[in-house]
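Just so you know, all these numbers are worked out from the coordinates, no wet-lab data involved. Computed from a predicted model, the values in this text were never measured in an experiment. Note: ideal-geometry Cβ built from the backbone for every residue, glycine included; neighbour counts use all protein chains shown.
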Amino acid sequence: MTHLNVPVGQITNLLTMQLPKDNTSHPFFYDRQASAPFNTPAGFSFIITDLIVNPEVTNFAVGQFYLVVITIDGARSLTVRCDGRSTHQALSAGLVIPDSSLPAPGAKGLTARNTTFSSGPVEVQLLGYFVKVAAATAVGKQFTP
């Protein structure tokens with residue numbers, strides 16, 4: 001994990017429930033608790049440092065393929081391709097999710113979808129941390145210093 005100089009209380013574990021291979025968007029939850037949906041609090045940004053895709057398989061078979069898309073407010077996205085084994089990708093710089101006061105037009109929040117190309121269901125996990133910010137670049141907006 002890439003959590004340098006971050007207080008333990010700001011490190012977060014986000015998970016989806018099991019995602020069927022139907023290309024529908026599903027939300028993330030704190031610690032996979034349906035009663036705790038993820039959102040970025042006002043005044044903070046969430047930095048994704050690691051993403052993990054766990055295919056729901058009992059036996060590995062040649063030719064298994066999984067394609068998952070993680071999307072932030074319908075604009076910023078990450079695409080993960082893996083075989084029947086879990087994949088863990090550490091992002092060297094992280095991906096910023098701005099606070100909830102800076103949504104993109106038609107904001108959809110943080111979602112994951114398991115495409116119809118996948119061999120079966122998956123679970124997606126994001127690791128990251130919150131940072132307090134004075135201002136952040138909104139989704140779909142250019143950076144202005």
Net charge of Cβ neighbours under 13 Å - reference F65; Lys, Arg +1; Asp, Glu -1 = +2
Cα-derived Rg to Rh of region 12-132, Kirkwood definition | 0.97
Once you put a point 7 Å from the Cα of R32 and another 7 Å from the Cα of F65, both along the Cβ direction, what distance in nm separates them?
-> 2.8 nm
Residues other than A42 with Cβ under 13 Å of its Cβ, Lys/Arg counted +1 and Asp/Glu -1, net out at 0
With Cβ to Cβ distances under 14 Å as the rule, what net charge do the other residues near P55 carry (K, R +1; D, E -1)?
-> 0
